[in-house]
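Shown next, in structure tokens, is the structure this report addresses.
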Amino acid sequence: MNSNQVKQIDAEHLWHPYAAMGSASQYVVTHAKGAKITIANHGEVLDGMASWWACIHGYNHPLLNQALHQQVESFSHVMFGGLTHAPAAELAEQLMQHLPAGLTRFFFTDSGSVSIEVALKLVLQYQMAKRRPKRRKMASLRGAYHGDTFGAMSLCDPDKSMHSMFNSMLAQHCFLPRPTAEFSEDIWQQWQQTLLAQQDEIAGVFVEPLLQGAGGMQPYHSEYLRRLRALCNELDILLVADEIATGFGRTGQWFACQTAGIVPDVICIGKALTGGYMTMAAMVTTSKVAQQMSASPAGVLMHGPTFMANPLACKVAGASIRLLESYPWQARVSTMNARYQAALSTIEAIAGVSQVRTLGNIIAVDLTAPVDMASFTKLAVSHGIWLRPFGNMVYMMPPYLLNDSEQALLVERFIRVLQQYQQTR
Ligand SMILES: *Cc1c(COP(=O)(O)O)cnc(C)c1O
């Protein structure tokens, strides 16, 4: 099928994320390798998105390809009910080398949102086992994003999120004020008072540690997390860290919890888990929580997806972790961060830019007006860079594996596109 036919069928029949049916604005990808995506009729673009933060090693990596080929030749999938396999066991062992200490009990799911659903069930069943049936509410943060399924949606910011039209159909949780880049004693007091006042009803607290991602790419101070950890311990409320976006090095360490110096009771990982090759996520908890939960009335964790612990996904995730262990990605992330830092004043000087911020391998630029996605993307592609802004924000989260000249080129193009776009406003 040629690319014009693809575009035509796509426009008529295929939905895209958060999109209307029938929009003809998609670009057809014919190939992707390393940091470059080839777009039909446009040529190569440097990838500034890592395909929604997942493809941390870039595309078409020989070692990940090899892992996948090997597993296909062996078996691609078997049910996880009653059966198990080396790719899952090996992956658990590898992850334990890098996760915050004590997180050793794994539930492999098929997407990030589903791992949040599983975490919700775990938290509820934990409190049931503790004979506190009134603890049925969660606390979450203003500005949060935890996924698109109904349980996950109920944890997203109820006003600002793209799901607000469903509010009347969602479980009503408790929302704490948005944390800030500088620690604010005042905001912390509000968190503390709310949790103390509602401790009889609150079962768990969900946070995206250090960086609120899809809710606006907002880094925040780690002191909030340290105090929250202590308070949750005191009240026996479970602390759930959603590291689906921040995990696997994005903020400079393997996991953002490590940067913050906390160990959560539950962690959700996804996105970069398979190096962006295929869909898989995991909910991981401590042996203490797992044991306690087993004393709940059900006795078992009530979830079991068809494609649980898919061997292909486990195998490629294992290879992705080995790859992370094999090259100095931390140095690459910090040189990328230095490049962002060096570019801050140039970007701040562009008319119509209201704020620029950076953390690890992330840079985010707020504009004073919503970005016109179609014209912005067109301009970016013409400059040889792939970006996907949202709201009034333009950001980058590129693969780590860029070499020096690719890094420089990416930042250069990012700045040039912003400048030209703002000139046309
Ligand atoms: C992407 C994301 C999710 C949802 O993951 P899916 O795989 O898209 O379901 C949940 N939480 C955070 C923080 C995310 O960035």
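Full extension from W52 to S74: what is 0.36 nm times the residue separation minus their Cα-Cα distance, to one decimal in nm?
Using 0.36 nm per residue and subtracting the Cα-Cα distance, I get 4.9 nm.
Determine, from the Cβ-Cβ distance of N4 and Q97 and an R0 of 45 Å, the FRET efficiency 1/(1 + (r/R0)^6), rounded to the nearest 0.05.
According to the calculation, E is roughly 0.40.
M169 versus S345, label points 7 Å from Cα toward the beta carbon: distance in nm?
Distance between the two pseudo-spin positions: 5.2 nm.
Charges on Cβ only, +1 for Lys and Arg, -1 for Asp and Glu, centred on the Cα centroid of segment 48-162; of H146, Q71, L95, which one is farthest towards the dipole's positive end?
So the residue we want is H146.
Which whole-angstrom value gives the distance between the alpha carbon centres of segment 311-367 and segment 235-300?
Cα centres, segment 311-367 to segment 235-300: 22 Å.
Over the residues of the chain, compute the C-alpha Rg and express it relative to 2.2 N^0.38 Å.
0.98
Between S23 and D200, what's the calculated FRET efficiency when r is the beta-carbon distance and R0 is 51 Å? Round to 0.05.
E(calc), rounded to 0.05, equals 0.60.
Among all lysine pairs in the chain that are eight or more places apart or on different chains, how many have alpha carbons less than 22 angstrom apart?
For the chain, qualifying lysine pairs total 18.
Taking the Cα centre of segment 90-216 as the origin, how large is its charge dipole in debye, to the nearest 20, when only Lys and Arg (+1) and Asp and Glu (-1) carry charge on their Cβ atoms?
Its charge dipole is roughly 660 debye.
Can you figure out the FRET efficiency of L14 with R425, using R₀ = 25 Å and their beta-carbon distance, to the nearest 0.05?
0.20
Give me the distance in nm between label points sitting 7 Å out from Cα along the Cα-to-Cβ direction at Q291 and D236, one decimal.
1.5
Any idea which of M393, V417, F255 is furthest toward the positive side of the dipole for the chain, if Lys and Arg beta-carbons carry +1 and Asp and Glu beta-carbons -1?
F255
Based on the mean of other beta carbon atoms within 10 Å per residue, what is the order of 122-129, 195-202, 386-393, 146-153, most packed first?
Descending mean neighbour count gives 122-129, 146-153, 386-393, 195-202.
Treat every Asp and Glu Cβ in the chain as -1 and every Lys and Arg Cβ as +1, leave all other atoms uncharged, and give the resulting dipole magnitude about the Cα centre to the nearest 20 debye.
Charge dipole, the chain, about its Cα centre: 320 debye, nearest 20.
None of the figures in this text is laboratory data; all of them are computed from the coordinates on show. Note that the coordinates shown come from a computational prediction; the quantities given were computed from them, not determined experimentally. Reconstructed Cβ throughout: ideal geometry from the backbone, glycine too, with neighbour counts over all protein chains shown.
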